[in-house]
1. Please work out which option in [x] 35.7; [y] 23.1; [z] 24.8 gives Kirkwood radius over Cα pairs in Å calculated from these coordinates, and answer with its label.
2. Net charge within 10 Å of Val327 by Cβ-Cβ distance, Lys/Arg positive one each and Asp/Glu negative one each, not counting Val327 itself?
3. Explain nothing, just compute: Karplus ³J(HN,Hα) = 6.51 cos²θ - 1.76 cosθ + 1.60, θ = phi - 60°, for every residue of region 21-36 in order, whole Hz, x for Gly and Pro.
4. Over region 36-144, what percent of the accessible surface lies on carbon and sulfur atoms, probe 1.4 Å?
5. Can you tell me how region 298-421 classifies by the Cα gyration tensor, rounded, prolate or oblate, using a/c under 1.5 as the rounded cut?
6. Remind me, relative contact order of region 26-110 in percent, using alpha carbon pairs under 8 angstrom and six or more residues apart?
7. Using only Cα atoms, find the angle between the long axis of helix 54-68 and the longest principal axis of the chain, and express it within 0 to 90 degrees, rounded to the nearest 10.
8. Counting alpha carbon pairs within less than 8 Å and at least 6 residues apart, what relative contact order, in whole percent, applies to the chain?
Amino acid sequence: VLELLRGIQRGSGDRKRSLSHLRRALQNKETQQKFVRLDGSIRTLIGLFTSSLADMQMEAARCLHELSHSSDPAVAEACLPVTSYLLTYLSGHSVEFTELCLYTLGNLVVESEAVRKQLLPQGIIPVLASCIQSPHEAVLEGLGYVLSQLLQAKEAPTEIIPLVLDSVLPQHMLQLVCSGLKAGIGAAVEFAWCLHYIVCSHTANAALLSLGALPALTSLLLDLASEIPQDAAEGLELLVCPVLRCLSNLLAEETGCEIQIQDERLLIALFLILQCFLQQHPFIVQECLWLLNNLTADEPFFCSALLSLDLLPALLQLLPCSQMASVLVLTVLCNIAEKGPAYCQQLHRQSALPLLLPTLTLPDPEVVGQCLELLHLLFLHWPEAAADFVRQGGHRALEQHQSTPELQERARALLDMVGQPLGASTFSPCHTTLSAFS
């Protein structure tokens, strides 16, 4: 490596070849660490990176990109002098060169707080904002990568997100996400995650809501669901996931925003997505159920729509998918049952009880506990369900939990309820919106 560096510094006729060899050598972690400790190494690369020879510039940029992959903060900090040049070159040169600069920046900000603190006063946010109108998908995807790395930094809520909100970035990110596959799925995915990280900060939701984020993302979800049965694009689940999370977290805020999207087509879209991704991408099931919970938590509209559209059987079929899916399905059912007698009557009529009985025999206290909560609401609001429960032998399943410490009090309370028309209970309804994963 030292010989390669000397050859580059001497300006030999074979400099480009030496740079190419150096780039390959810098794919090794130990070589990266040794290179940045060599006197004049970074200064030499910067000299070539800022030269007027396009081929030398590109090779030097590739070397810097390899260095940026290092997980050693010392390597990232050794690259501090190059950051201002990386920003400068985002406004020109070839698409490939701009893309390379973006990914180098993105890699550097991941590993080093010092790099992030240097880039902010250098104006990285305004520079990125000027790039977001690029017509090139590769540039947009690279830009989304840099932003997503910045927005995940520990100091993002206080130092980075306010700057992003003061720029044109949120509006354009929302537009690019909502254009879905038209902007290229890679770029749409990156910007969808950017929006998710902004929403998770809980300081920017009012700004995003004012931009129409809720109806825009809802419309996108409807469009994606309509495309799924015909020809699901490769990697579509990577876009669906952050869109679901954004909607879930926006709904988790106490803003009354669920009133803005009283559209039963959203439920149909959710169940189409569930059906499509259930086998190959089961993690999407959990994301859909988080959103479904937040839609039904307070607003009766979606509870009524779920029942009237006959989606209850499809929801109940998700009970065995996973522990988290079971808890969320039961939570959604609790949201419905909490709305009162008419809703509990429909749950009973649509044969929810037979599918709940096997759940009571599961070894998971959290799942069983949520099932007990649901049964309490059903019995409280619709006593016929309690009588039917006993006829189906459900009381025997309850008796099994009388010796389980975290369940015994609720199990005994339910046994009291099924033994009288409307027994008193220590239960209190539990229905709340849930923040999706941050």
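1. Given [x] 35.7; [y] 23.1; [z] 24.8, the structure-derived one carries the label [z].
2. Charge balance near Val327 sits at -2.
3. Per-residue couplings from phi come out as 5, 4, 4, 5, 5, 6, 6, 9, 4, 5, 5, 4, 5, 5, 4, 5 Hz.
4. 53
5. Oblate is the answer for region 298-421, as a/c is 1.5 or above yet b/c matches or exceeds a/b.
6. 29
7. Rounded to the nearest ten degrees, it is 50.
8. 9
The values are calculated or read from the model by the stated rules, or taken from the named source; none is laboratory data. This structure is a prediction, so every number in the text was calculated from the model and none was measured. Neighbour counts run over all protein chains shown; Cβ positions are idealised from the backbone, glycine included. To get the accessible areas, we keep the full protein, side chains included, count just its heavy atoms, and leave off ligands, DNA and RNA. Shrake-Rupley method; radii C 1.70, N 1.55, O 1.52, S 1.80 Å.
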